[in-house]
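Every read-out reported here was derived from the displayed coordinates using simple, explicitly stated rules and does not represent laboratory data. Values in this document were obtained by computation on a predicted structure and should not be read as measured data. Virtual Cβ from ideal backbone geometry, glycine too; neighbours counted across all protein chains shown.
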Amino acid sequence: MAVSTSFSGGKLEALLLKSSSPASRASAAARLSDFGKPITIKKTLIQRGIIRCEAAVPEVLIKADDPSNGNSVSALEQLKTSAADRYTKERSSIVVIGLSVHSTPVEMREKLAIPEAEWPQAIADLCGLNHIEEAAVLSTCNRMEIYVVALSQHRGVKEVTEWMSKKSGVPVSELCEHRFLLYNKDATQHLFEVSAGLDSLVLGEGQILAQVKQVVKVGQGINGFGRNISGLFKHAITVGKRVRTETNIAAGAVSVSSAAVELALMKLPEASHDKARMLVIGAGKMGKLVIKHLVAKGCTKMVVVNRTEERVIAIREEIKDVEIIYKPLSEILSCAGQADVIFTSTASESPLFLKDHVQDLPPASQDVGGLRHFVDISVPRNVGSCVSDVDSVKVYNVDDLKEVVAANKEDRLRKAMEAQAIITEESKQFEAWRDSLETVPTIKKLRAYAERIRAAELEKCLSKMGDDIPKKTRRAVDDLSRGIVNKLLHGPMQHLRCDGSDSRTLSETLENMHALNRMFSLETEVSILEQKIRAKVEQNQK
């Protein structure tokens, strides 16, 4: 949205000077005194999430230090105008900074992973950055994505990337090699594809939708999980449900857990499938799914290691006619020594198995060729990479599941095309909703303006009528004044709404908004902009 550039020079100068030290102000003044070159105005174009700059050749070039020019503009004034333009010409953007299984190795993803319990603090930290208004974290075994509403795309991305680097210890240069950046409509479409299971390693898998729901659940009540980001994730849940309902994308689709079971069976001799000794470590959502898929493949006995027995008992009650043996976490090594295939799916932030733990274990049974198979679907990994150095062990992680899901590519693409049509439609609806938010401040200010007039005129009327007016009459007069105001505001309010329910375009709605701002001196955009910048400056000075 192109917004007014009539930013108050005095106020911006005060903010700029207030946020700098005396030494830096003196230094800046010295540098500004050297300005003598013509100033070239630039305008920023935002197109499908990509910022590019075009130089606009001005009709008249004014030299800042030319006293002979009656229209002389000081270098400081030009700097202030430039600073204001950078904010006022760029609409707050939805940005996603992400790393996924498609482009980032698990070694880096596990360093960047943020446990669910830390999401609220991460949101608070992100919103404390200078150019970030709202934020959300989507961290799973296959992806680490941060969604933000940024006052400036370039600065917002830079700040978030630096924050990710500081938190994870991964250098910014390495992050930039693997990260992807998407803006506005592209960011919206990406999250909708994620929620629908189109961006998953396993097409249509349902667990990602549950993870998107969890983002909303955790974000409730957190200040930084604001209206734009909250609305985006809630709409993504709707998209995920609709895609699975209206297409057959979930038919035959497998989860990460089932792909892990498929991978293990692919690596075992076929004759050993009913003899292999299975061990599942972790009885959470992923572990439970592993157990269910093992049972579906004919496994009738397995050992489950977990911190507590309650979850194992619940799984045992749900899955009948299968021998599920519970063992505490303290017996993990002895259980591993008696297993041929070990699935790990815990939230532990440090490895459960290292080379020293594994190399002294008894060999696996000859039924499986004497090799012990670790299938680790946790991020961070539960099995250290050093375990691969043991000759009698094979280690697989989530990145190895690609081998399982490579089949039926044509069928998967056809299903994805069906889902994309729904996502495109829903993306337009979300963008229309977000566009409609641009006029909300004007609507509120116009209503407040009308209400102040109504209340003042009502008070005058009632005072003239005397103190002995019956309550019924007071209510009738009050209702009359409200009715008149509501009917007068109905037309302007209708022309400030752009939610896709009528043929009115966004540009028409914004023209109406600007006209009302001018007619009633509402100055919505500039005042909100000043508040945002002032709040950030004051926050940084604390």
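Please give, to one decimal in nm, the separation of the simple spin-label points placed at residue 463 and residue 166, each 7 Å out from Cα toward the Cβ.
5.6 nm
By how many nm would the segment from residue 508 to residue 248 grow when fully extended, if each residue of separation counts as 0.36 nm and the alpha-carbon distance is taken off?
89.6 nm
Could you sort 103-110, 257-264 so that the peptide with the highest average Cβ count within 10 Å comes first and the rest follow in order?
My ranking of the peptides, most packed first, is 257-264, 103-110.
Would you mind computing Rg(Cα) / (2.2 N^0.38 Å) for region 88-152, counting N as its residues?
1.20
Report the dimensions of region 281-338 along its three principal axes from the alpha-carbon atoms, largest first, rounded to Å.
Largest first, region 281-338 extends 28, 22, 18 Å along its Cα principal axes.
Tell me whether region 421-464 comes out rounded, prolate or oblate; compute the Cα gyration tensor, take square roots of the eigenvalues as a ≥ b ≥ c, and use a/c under 1.5 as the rounded threshold.
prolate
With each label point set 7 Å from Cα along the Cα-Cβ vector, what nm distance links residue 521 and residue 432?
Here the modelled spin labels are 3.7 nm apart.
Sort 230-243, 298-311 for me by packing, meaning the mean count of neighbouring Cβ atoms within 10 Å per residue, highest on top.
Top of the packing list down: 230-243, 298-311.
A 32 angstrom limit on the alpha carbon distance is what I want to check against. Which of 275/402; 234/301; 292/415; 394/415; 297/355 exceed it?
234/301; 394/415
Can you tell which of 295, 283, 248 lies farthest toward the positive end of the dipole of region 237-299, using +1 and -1 charges on the Cβ of basic and acidic side chains (Lys, Arg; Asp, Glu)?
Checked the options; the winner is 283.
Quick check: net charge around residue 303, other residues with Cβ under 12 Å of its Cβ, Lys/Arg +1 and Asp/Glu -1?
Values: positive: 277, 301, 327; negative: 323, 331, 340.
Net of charged neighbours comes to 0.
Shape call for region 229-272 from the C-alpha gyration tensor, a ≥ b ≥ c root eigenvalues: rounded (a/c under 1.5), prolate (a/b greater than b/c) or oblate?
oblate
How far apart, in nm, are the 7 Å Cα→Cβ label points at residue 425 and residue 274?
So the two model labels end up 4.8 nm from each other.
Please compute the length gained on full extension between residue 125 and residue 321, using 0.36 nm multiplied by the number of residues separating them and subtracting their Cα-Cα distance. Before the final figure, lay out the partial values.
On the way: separation 196, 0.36 × 196 = 70.56 nm, distance 4.93 nm.
Full-extension gain reported as 65.6 nm.
Once the piece of chain linking residue 448 and residue 111 is laid out straight, how much longer is it, given 0.36 nm per residue of separation minus the C-alpha distance between them?
Taking residue 448 through residue 111 to full extension adds about 116.3 nm, to one decimal.
Grab the beta carbon distance between residue 471 and residue 310, set R0 = 56 Å, and tell me the FRET efficiency rounded to 0.05.
0.35
Rank-order 218-225, 165-172 by packing density, defined as the average count of other C-beta atoms within 10 Å over each peptide's residues, highest first.
218-225, 165-172
Out of residues 5 or more away from residue 225 or on other chains, whose amide H comes under 5 Å of its own, with H placed 1.01 Å from N in the peptide plane?
Placed amide hydrogens put 135 under 5 Å from residue 225.
How would you classify region 107-200 from its alpha-carbon gyration tensor, with a ≥ b ≥ c the square roots of the eigenvalues: rounded for a/c under 1.5, else prolate if a/b is greater than b/c, otherwise oblate?
Taking the square roots of the gyration eigenvalues as a ≥ b ≥ c, region 107-200 is rounded.
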